[in-house]
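Accompanying notes for the structure given below.
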């Protein structure tokens, strides 16, 4: 089997750290060495493969799996290790610029007319958002959304996330929930979020103790407490078969990043596996999308704001209530755009929320974004 030498260049600025090296090694880049010059990190591969395309694509996928953003791929076709690639190519170096000419341009050529129009509209929106971005707040949230799943998270942490997302559900004012969470109300009510302990709690006791004092009133619906407690029992059931919820999700074979159309299909196959055994509340389409996004998977929550933006772009028709088919279509569109633009899906979700004027997201851009004409 031939061996190919090429360099994967990371988007700058990316500091060369021991943590970066460890993440790349764990993601499968054990046939590469790292170097940095002028703040630009290069990952020099010497990869065995049947052909160059497979070698490069697998290397890029490994790098992206580590959570890094790729700027371009470069290789020297004159190198004898490259297995005498193509004598008809006169260039000494070929760069596949993933953010501009190369992969992105190739993706553009493969788009349908409708997708091309939508992607062009999203491109314009994102460019405008970046012009009006409030820094460092905007970039900090981007970095938060670029995290990948941590499969060693304990179920107590998962239950805390599930309970928090239930608090945010059903179109409650996000600002009030954020304030409630920041004040530690959920921690005072649910303690250490132990599934074993919470599964034995009577929701009526929680309502009597905390609802009258208005500790939990921002969540609006008292029945949410039943759903929160139910999640604890659901996690215990899953732990009995898989050890933990994150190990269960890992067994579903989710792609950690959308790097090609096949990854989109693989995601939805894994989604249905996860949906079938998740706690009851998270068998709902939107709720499971929200949970997966919050855990770092390549997903987005198709809430009312996101659907409104999708209507504006012509992805789905305007209607008061959208079916699951509409919601799935929007999330798939966002995943396809993420692949095309080399972005994480939760980052695309943020752009939709900002453009749609979601209360919390409005704080990431100057008010002029909404008042100035596009």
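Regarding the stretch 339-357, can at least one residue be identified that is within 21 Å of residue 252 (Cβ to Cβ), at pLDDT below 95 and not assigned by TED's automatic domain parsing to the domain that holds residue 70?
Checking the stretch 339-357: at least one residue is within 21 Å of residue 252 (Cβ to Cβ), at pLDDT below 95 and not assigned by TED's automatic domain parsing to the domain that holds residue 70.
Report yes if residue 272 is in the same structural domain as residue 184 (by TED's automatic domain parsing), surrounded by fewer than 16 Cβ atoms within 10 Å (Cβ to Cβ) and modelled with pLDDT under 95, otherwise no. Give the steps one after another, and end with the answer.
Numbers: in the same structural domain as residue 184 (by TED's automatic domain parsing): yes; surrounded by fewer than 16 Cβ atoms within 10 Å (Cβ to Cβ): yes; modelled with pLDDT under 95: no.
So residue 272 does not fit the description; no.
Inspect the stretch 156-172 for any residue being in contact with a helix residue (DSSP H, G or I) (Cβ under 7 Å, 6 or more places away or on another chain), in a loop (DSSP other than H, G, I, E, B) and touching a residue at least 60 places away in the same chain (Cβ under 8 Å) and give the result as yes or no.
Yes: one or more hits.
Criterion first (surrounded by fewer than 17 Cβ atoms within 10 Å (Cβ to Cβ), assigned to a loop (DSSP other than H, G, I, E, B) and in the same structural domain as residue 346 (by TED's automatic domain parsing)) does residue 318 satisfy it? If you could, list the steps in order and put the result at the bottom.
Details: surrounded by fewer than 17 Cβ atoms within 10 Å (Cβ to Cβ): yes; assigned to a loop (DSSP other than H, G, I, E, B): yes; in the same structural domain as residue 346 (by TED's automatic domain parsing): yes.
Yes; evaluated as a whole, the condition is true for this residue.
Only one residue in 42, 12 is touching a residue at least 24 places away in the same chain (Cβ under 8 Å), out of contact with any helix residue (DSSP H, G or I) (no Cβ under 7 Å at 6 or more places or on another chain), buried (at least 16 other Cβ atoms within 10 Å of the Cβ) and not in a helix (DSSP H, G or I), so which one is that? Don't jump to the end; show me each part of the working.
On the way: 12 fails: buried (at least 16 other Cβ atoms within 10 Å of the Cβ).
The unique qualifying residue is 42.
Any chance you could count how many residues in the stretch 139-198 are outside the structural domain of residue 211 (by TED's automatic domain parsing), over 19 Å from residue 244 (Cα atoms) and either in contact with a strand residue (DSSP E or B) (Cβ under 7 Å, 6 or more places away or on another chain) or surrounded by 15 or more Cβ atoms within 10 Å (Cβ to Cβ) (or both)?
The number of residues fulfilling the criteria is 4.
I need the full set of residues from the stretch 285-312 which are under 14 Å from residue 270 (Cα atoms), out of contact with any helix residue (DSSP H, G or I) (no Cβ under 7 Å at 6 or more places or on another chain) and part of a loop (DSSP other than H, G, I, E, B), in order please.
Of everything in the stretch 285-312, just one residue is under 14 Å from residue 270 (Cα atoms), out of contact with any helix residue (DSSP H, G or I) (no Cβ under 7 Å at 6 or more places or on another chain) and part of a loop (DSSP other than H, G, I, E, B), namely 297.
Of all residues in the stretch 351-364 being in contact (Cβ under 8 Å) with a residue 24 or more places away in the chain and out of contact with any helix residue (DSSP H, G or I) (no Cβ under 6 Å at 6 or more places or on another chain), which is nearest to residue 122 (Cα to Cα)?
Out of the qualifying residues, it is 357.
Out of 74, 18, 5, 26, which single residue is at negative phi, more than 20 Å from the chain's Cα centre (by Cα) and surrounded by fewer than 15 Cβ atoms within 10 Å (Cβ to Cβ)?
Numbers: 74 fails: surrounded by fewer than 15 Cβ atoms within 10 Å (Cβ to Cβ); 5 fails: surrounded by fewer than 15 Cβ atoms within 10 Å (Cβ to Cβ); 26 fails: more than 20 Å from the chain's Cα centre (by Cα).
Every option except 18 fails the conditions.
The values are calculated or read from the model by the stated rules, or taken from the named source; none is laboratory data. These figures come from a predicted structure and were not determined experimentally. Because the Cβ atoms are built from the backbone with ideal geometry, glycine has one as well, and the counts that use them run over all protein chains shown.
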